[in-house]
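Working notes, structure below.
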Amino acid sequence: MLLNFCDPRLRPEIKCSTISTEGYEVTNLINDSCKGFLAYSCIKPPVHIDITFLCNIRINHILIWPSVGSQKSSGFQLYCKNTNDCNTPYTLLSSGFLSPSDAGLLFYPSDIKPEKIPAPANFLKRYIKVWIGHLTSYAHVLRITICKTEKSVPALGKIEVWGTVSPRCGKDIVANVYTLWSKHEAVLSLSTTEYKTEITSAKTTDNRQEGKTKLEIPESFKDPITLELMTQPITLPSGNVIDQATLEKYGRNEAIWGRPLSDPFTGIVFNEHRKPIMATALKSRIDKFLLDNSNLNEIKSIPRVLGHASNSAIAGDRRIIEVPKCVLNKNLLKRTVEDAKLEACKQTMDDYLQQTKRYCHKLPTIVVCSKQSTANARERSEQVTKISNSSKLVYNNTHNHIRDNKSENLIANVDSSLDGNVKSLLLNIKRFNAPEKVELHNISSECKCCNNSILYKLPCKHVICRKVLLSIENSQCKSCGLFYKLSDIERIHNSILNR
Amino acid sequence: MAATSPSKRRLQKELMSLIREPPPGVHVDGEMVGQNLTQWIVYMEGAKGTLYEGEQFQLQFKFSSKYPFDSPEVTFIGGNIPVHPHVYSNGHICLSILTEDWSPALSVQSICLSIISMLSSCTEKKRPSDNTLYVRTCNKNPKKTKWWYHGKKGIILYILYILCSY
């Protein structure tokens, strides 16, 4: 079987005696790129291109495509030597000068019949004399010299060096080369019939290279026991860093022997002073690494953590955002604003509070209209301020439907103080798409009818306490009269509100 | 070769390091182990200047899928089983790190070193006193034996755990 030793799978090395036009580097000839080599525009022949093969080869034939676009070289000389030693001189094998009608050049040792060589049409055929057969059967470095051009820059479209591993090489080398080649074959068979076009072949190579780039996880990020990437690195008293999960697993095994948790490296039991600590600095480096490589599949399968127990609020944040979404209901805004207008508020604040003392539930809910704004951040911030200006407090009096009897004064007072708070908080916020979070701080978690009550959110977005919820018999919101399903009630966690 | 499971990955790495820099007198047949990572044969040579100088031993390691959290099963195999007060004639070794005192921080290399040092510290070549009884009654797997380690005194008592009772 003949192999093309210029194929990238067989790892040839290529060098050129001159500089090249950008994008037409000499390495294009050995990496499946269809662009070819083009010397820099001011370069005149001769140009030497040296190809070093991974082993000594027996040359069967060499195919040269001389043109890149309209640039065409017309004279080539073929040299060769059998060692990589730079002091060894090159021996001239053959040369060929193309006429304008020739599409390419074929070199072959004269003991091979040119008819048997599958050369493209219109290729000039030049033989290599038999008496230098010792070189063609044991070639290590091949030099192609562009010695003549047709009023153009020296160019070389493509080169193929077909041959076999030299019979003088060891069996192991032969086996290695064939392994490399068979990998190539496998890839070729994967790519469809379209392989013939150069472009697709180039693409196939690219894809393969992408697939090959395996993620290198730095050793320091790996757990020394399991050799997996650490998600929660901890430093043991012995100084070793392992993953929290590994220690837990080790602890379970130790428990089987009835032993307390100890350092797996020293066996010394942990105590108040000798205990593992979080390797925070390493953790942040690992997190950065994960973030940088988050597009890789290997990384996607690695479990993530959301901080440890003390800052688990990160997880809570999502829920926090959910609550105000309900508040951002436009219908609710309309209704409450209209209601507020209709209301004739006759009672003073004191009266109101007295009344609420029974079963009343005074939970101010902020109503914010949700306008989708794609404008810039400044506009957004202004809008947010406007929104908070327009926000109203709605007191959900669930006992006797007197939610509407609050004074304008009260609303005004609370509004202004609330707006002040919101504005001051907004100034410190960089992300304007999450104003909800801020307003939530202002939702009082205190229930007036009971201390430390558990709060629930009805599907109509009204918030009531557990006591009130249990007092409702017909599954109808006392504030807006909406019927709800018991399954739709959501508990609001106090920890979020109190944050 | 892509090692997928954690135990495989760890074994792969240990094999590489054992092939690359083995402890003195220890070598492993990488090709054989490469075929089946869960069962290794490690060749060991008695250290110079000890009673076992010039002797060749074979150690068999069997790893469970829980390795490194679970200790490997280590026995001497082959024709030459060292005559040692802690080694039974069926190849079972009475060494605490192989069962109770195992730690995932230990490795094949550290086991090999422990066994070499155990052999090297021997002053009198003899079988354990309860050898005949143990060999007749023990389980094939040395890990099923409940050992009673008596440290340097060299007196070993054991209680057999009969598998059937599980």
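The values are calculated or read from the model by the stated rules, or taken from the named source; none is laboratory data. A quick note: this is a predicted structure, and the numbers were derived from the prediction, not measured. Using ideal geometry, Cβ is built from the backbone for each residue, glycine included, and neighbour counts are taken over all protein chains shown. Just so you know, the surface numbers come from the protein's heavy atoms only, side chains and all, with ligands and any DNA or RNA stripped out. Shrake-Rupley method; radii C 1.70, N 1.55, O 1.52, S 1.80 Å.
A few comments on the model shown:
- Flag for B:S17 being out of contact with any strand residue (DSSP E or B) (no Cβ under 6 Å at 6 or more places or on another chain), open to solvent by less than 50 Å² (accessible area, probe 1.4 Å) and modelled with pLDDT under 85: no
- Against the list (1) over 18 Å from B:I116 (Cβ atoms); (2) open to solvent by 10 Å² or more (accessible area, probe 1.4 Å); (3) of a type in the set (A, V, I, L, M, F, W, C), the condition B:L11 fails is (2).
- Residue in segment A:188-202 that is modelled with pLDDT of 85 or more, surrounded by 16 or more Cβ atoms within 10 Å (Cβ to Cβ) and among the polar types (S, T, N, Q) present: no
- Residue count for segment A:51-63 under the criterion of being within 42 Å of the chain's Cα centre (by Cα), of a type outside the set (F, W, Y) and open to solvent by less than 20 Å² (accessible area, probe 1.4 Å): the result is 3.
- Every residue from segment A:147-159 that is under 45 Å from the mean Cα position of the chain (by Cα) and not in a loop (DSSP other than H, G, I, E, B): A:A155, A:L156, A:K158, A:I159
- Filtering segment A:98-117 to residues that are out of contact with any His (no Cβ under 9 Å at 6 or more places or on another chain) and either part of a loop (DSSP other than H, G, I, E, B) or open to solvent by less than 30 Å² (accessible area, probe 1.4 Å) (or both) leaves A:L98, A:S99, A:P100, A:S101, A:D102, A:A103, A:G104, A:L105, A:S110, A:D111, A:K113.
- Qualifying positions in segment B:26-43 - modelled with pLDDT of 85 or more and in contact with a helix residue (DSSP H, G or I) (Cβ under 7 Å, 6 or more places away or on another chain): B:V26, B:V28, B:W40, B:I41, B:V42
- Restricted to helices (runs of 4 or more DSSP H) entirely inside segment A:229-333, those with at least 1 residues that are out of contact with any Lys or Arg (no Cβ under 7 Å at 6 or more places or on another chain), surrounded by fewer than 13 Cβ atoms within 10 Å (Cβ to Cβ) and at pLDDT 85 or above are A:244-256, A:280-292.
- Once segment B:99-115 is narrowed to residues that are more than 11 Å from chain A (Cβ to nearest Cβ) and open to solvent by less than 10 Å² (accessible area, probe 1.4 Å), the residue that is farthest from B:K8 (Cα to Cα) is B:I115.
- Hits in segment B:116-140 - residues which are open to solvent by 40 Å² or more (accessible area, probe 1.4 Å), of a type in the set (V, I, T) and touching a residue at least 60 places away in the same chain (Cβ under 8 Å): B:T123
- Output for segment B:56-115, where each listed residue is in contact (Cβ under 8 Å) with a residue 40 or more places away in the chain and among the aliphatic types (A, V, I, L, M): B:L59, B:V74, B:V83, B:V87, B:I93, B:L98, B:V108, B:I111, B:L113, B:I115
- Every test in (1) modelled with pLDDT of 85 or more; (2) exposed (fewer than 15 other Cβ atoms within 10 Å of the Cβ) is passed by B:G151 save one, and that test is (1).
- Among residues of segment A:218-233 that are away from chain B (no Cβ under 11 Å), those with a Cβ under 6 angstrom from a residue that is among the basic types (K, R), sequence gap 6+ or separate chain, pair up as A:P233/A:K283.
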